[in-house]
1. Name the single residue that is modelled with the lowest pLDDT among those in region 485-515 being in a helix (DSSP H, G or I) and buried (at least 23 other Cβ atoms within 10 Å of the Cβ).
2. List every residue pair whose Cβ atoms lie under 6 Å apart, where the two residues are 6 or more positions apart in sequence or sit on different chains, the first residue falls within region 269-298 and is modelled with pLDDT under 90, and the second residue, located anywhere, is of a type in the set (Ser, Thr, Tyr) and not in a loop (DSSP other than H, G, I, E, B).
3. Given the criteria in contact with a Ser or Thr (Cβ under 8 Å, 6 or more places away or on another chain) and more than 30 Å from residue 333 (Cα to Cα), does residue 173 qualify?
4. Give me the pairs: first residue in region 427-448 and under 23 Å from residue 466 (Cβ atoms), second residue basic (Lys, Arg) and not in a helix (DSSP H, G or I), beta-carbon distance under 8 Å, and six or more apart or on different chains, which are they?
5. Take residue 238 and decide whether it is under 29 Å from residue 80 (Cβ atoms) and at pLDDT 90 or above.
6. Out of (1) modelled with pLDDT of 85 or more; (2) more than 30 Å from residue 237 (Cα to Cα); (3) buried (at least 21 other Cβ atoms within 10 Å of the Cβ); (4) not aliphatic (A, V, I, L, M), what's the single condition that is false for residue 197?
7. Scan region 302-319 and give yes if some residue there is within 30 Å of residue 407 (Cα to Cα) and hydroxyl-bearing (Ser, Thr, Tyr), otherwise no.
8. Give 139, 85 a once-over and let me know the one that is surrounded by 12 or more Cβ atoms within 10 Å (Cβ to Cβ), at pLDDT 80 or above and not β-branched (Val, Ile, Thr).
Amino acid sequence: MKEVLMKHALPYGRWALATALAVALAGCSIPAKLERPQLRDDVPLAGLQTSTRAGWPDTEWWRSYGDPQLDTLIELAMKQSPDLAQAHSRVQNAEQTMRLAAAQTGLTIDGSAQVTRQRLSEHGLMPAQLLGFTWYNQADLGVQFQYDFDWWGKKRAAIESALDQARASEAQRSAAALTIQNAVADTYFGWLADQARLTIASQSVANQEKLVRIAELRVRQGVDLADTSQQAKAQLAQVRQMRVAIDSSGQIRKVALAALLGIAPEQLPPLQPRAMPEIHSGIPADARLDLIARRPDIAASRWQVEAALRQTDVARAQFFPDISITAMVGLSSTNQGAPALPGLSSGGGGGDLGNLFSSASRVLGLTPALHLPIFESGRLQANYGVSRAQLDAAVTQYNGTVVTAAREVSSQALGAEQLVAQRNEQAMQVTANQRLLASAQARSRQGVRDAREALAATAQLLQQQDSAVSLHAQALSTDLSLIKALGGGYRLSPDAISSPSPHSSTTGDADHERH
């Protein structure tokens, strides 16, 4: 018994020794394992002088404006937008890639069955006369088991990289959804502003028509020169032109809304003019630290860094030998001299394959295999260099995304502050013009001055009101841009920020609304 054990132990001992020698040879040129790069955990917003807001934007931030029409438009956009559908397809592609990487690990089992009937040549290398038969039947039935050992973590790193890519795609999808929501809201509020300005323009046209009639009457009575009437008509044409331009702008915005929703303009839900909502802008007090977790594009860049880091692990593992073991269990039988196609009957006649299922036909095999990269013409080093370059590019992109986020938040917050001041000044101008109009109307009623003074004051007031509406629309657009710069309700879990690597105990998935 001892001799039998020694007889079987000798080949496996040599194989183990060969494996150890292969690892030692490969270790001479294996690059060191990379540490996770240090990523910035705050946004450079120190010293930004702006007002603060209570809390961050909600996931459904647009509902804070209290406009049912806007709610309906964004709901339709989330269902039908072609851009969002494209982003969703990228997420699905990344998820399938992750499944494919996971499917390439573990045990592989393959089954096979084949039956062959062949005639031998009577003039070949082994003539049929020498073998004693011309026809023979061959039947094989078996199962093969193969297992690749992932001792160096190559397949595990590939799975983790694919998982990080899927998370990055999901964050990019959230960024695409935020972009669409923001564009729909901005276009809709622009349409509301156009409707308000269109009402003011119509009032301006009516006011200028009164001035034209008075000018024509004064010219006919010889009080004024004919140029007075022509000047009034020119001003009327200018006001009418402005009304046409505003009306065209409103129509274009409706076409843009339909394009964002992925529908035809006539399929838009009915929209009614209404007052534009008020604005309460500002940034959260903790924006410098929490913005990292609130921006989907920063989260996507962070996952891209993790995916690139895992790819360096995959490239490094290529330097190590691949070790696998294959086992085969099956049945094989050859019968000769059969005059017809074989049958798989259980009998043992010379013309069938009944012996296939006998114990003597069993076939067993066990094959351990070792593949060692010895000379690859620099391919492994080049592949590892590419992965390092991709990691550096991902880190650079992440840092650039953080800086871009800081610039966007700062510019939009400061822009909002400036618009608040401008709107306050504009409101004072509107109030002053209202008082001038009241004084002119009072003098007109007393017969001290004619109606032209009151009409001129009305025109001035309407112009200031139009400017106020434009500033209100601009402030709304800036507020929307600030909400987008703050992430629009996106939230990455704290564990993902502190340790985003997927092989940690916490996966760190993004905790945000899937639209």
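The values are calculated or read from the model by the stated rules, or taken from the named source; none is laboratory data. Remember, predicted model here, so these are calculated numbers, not experimental data. Cβ atoms come from the backbone with ideal geometry, glycine included; neighbour counts cover every protein chain shown.
1. At the first step, the residues of region 485-515 found to be in a helix (DSSP H, G or I) are 485, 494-498.
Now restrict to residues that are buried (at least 23 other Cβ atoms within 10 Å of the Cβ): 485, 496.
Numbers: 485: 92, 496: 58.
That would be 496.
2. 282/52; 285/52
3. Working: in contact with a Ser or Thr (Cβ under 8 Å, 6 or more places away or on another chain): no; more than 30 Å from residue 333 (Cα to Cα): yes.
No, not satisfied.
4. Going by the 8 Å Cβ cut-off, the qualifying pairs are 440/449.
5. Details: under 29 Å from residue 80 (Cβ atoms): no; at pLDDT 90 or above: yes.
The answer is no for residue 238.
6. It fails just one condition, (2).
7. Start the filter on region 302-319 by keeping residues that are within 30 Å of residue 407 (Cα to Cα), which leaves 302-309.
Checking the rest, the ones that are also hydroxyl-bearing (Ser, Thr, Tyr) come to none.
No, the conditions are met nowhere in region 302-319.
8. Values: 85 fails: at pLDDT 80 or above.
Only one candidate passes the filter, namely 139.
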